[in-house]
Each structure stands twice: as C-alpha cells, then as structure tokens.
Amino acid sequence: MELAQVRLLVTDFPACYRFYADVLGLKPQSGAQDGPYEKFSPAVGSAGIALHDRATMAGILGELGEAATGHRSLVVLRVDDLDAYCEQIVARGAVLAHGPAPMTDRMRVAHLKDPEGNVVELQEWLLLRG
C-alpha cells in the first residue's frame, strides 16, 4: 500500500488553489485553478495534497453537504528552515496562527489556516528520530 495523496474537500476552490500554489509554494499538477480537482506536490517527497470541489464529491457520494463544519483536517508539511519559510509565506499573504515555536525537543512548528479553515502545520525537525 502507498499513500497517494491527502485530499481536501473545499467549497472555494480558486481561493484554496491560490493558497497552496501561491502562498505555500506547492507545485500544481495541471493548473486547474477553477477545479474541480488539482493535485499539489512538494519539492521533495512522493505524496501530495489534492483539492476536490466539495459539491462535486457530495454528488458522487450522495452525502457530505455543501459546507464543512469544524476542523476536518490537519495538513502537515516538513520544511528545512521554519523561520525562513514562514517569512516567505507571510510575505505572500499567509497569516500565522501560532509559531514558529518549539513543539517538542525534536521539532519546531508553526500553524496557519487555508481559506477553508483547514489547519496547516509546518514542521522543522531539529533532531532525527534515533
């Protein structure tokens, strides 16, 4: 078994597309800015994050509803230099909700939300697991 992607069901597809591509700097696979689907890849790693229009998926499954309530996901991205990356994304419009700050003795984190309210955690590992 292989993790192919984490898929977020979103209602404002263009806003989320811009957030993951323009603010976080992930590479879109096809450039489908208006949806209903797009996969984003980090510079390193095989799995990616995908956006899927929530109404489209609700129609396929016959459930879900038009809008999500409460926190439904947490996307975690690992970066090499948390401070530098946070400076870059803040300059591109990101609003940090927390951090950069230590989470454990092994890592530092920062948190922000995408336009749909999904929580994104940025991690910088200080010590590798031994």
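The values are calculated or read from the model by the stated rules, or taken from the named source; none is laboratory data. Keep in mind the model is a prediction, meaning the values are calculated, not measured. For neighbour counting, all protein chains shown are included, and Cβ atoms are generated from backbone atoms with ideal geometry for every residue, glycine included.
Residues in the range 30-53 that are more than 22 Å from Leu77 (Cβ to Cβ) and either among the β-branched types (Val, Ile, Thr) or in contact (Cβ under 8 Å) with a residue 40 or more places away in the chain (or both): Asp53 alone.
Taken over the range 1-53, the criterion of being surrounded by 13 or more Cβ atoms within 10 Å (Cβ to Cβ) and among the basic types (Lys, Arg) is satisfied by Arg7, Arg18, Lys39. Checked against the criteria, Ala84 does not count as surrounded by 16 or more Cβ atoms within 10 Å (Cβ to Cβ), at pLDDT 90 or above and over 16 Å from Phe13 (Cβ atoms).
The numbered conditions (1) surrounded by 15 or more Cβ atoms within 10 Å (Cβ to Cβ); (2) more than 15 Å from Leu24 (Cβ to Cβ); (3) of a type in the set (A, V, I, L, M, F, W, C) are all true for Ala101 except (1).
All of (1) modelled with pLDDT of 85 or more; (2) buried (at least 17 other Cβ atoms within 10 Å of the Cβ); (3) not basic (Lys, Arg) hold for Ala68 with one exception: (1).
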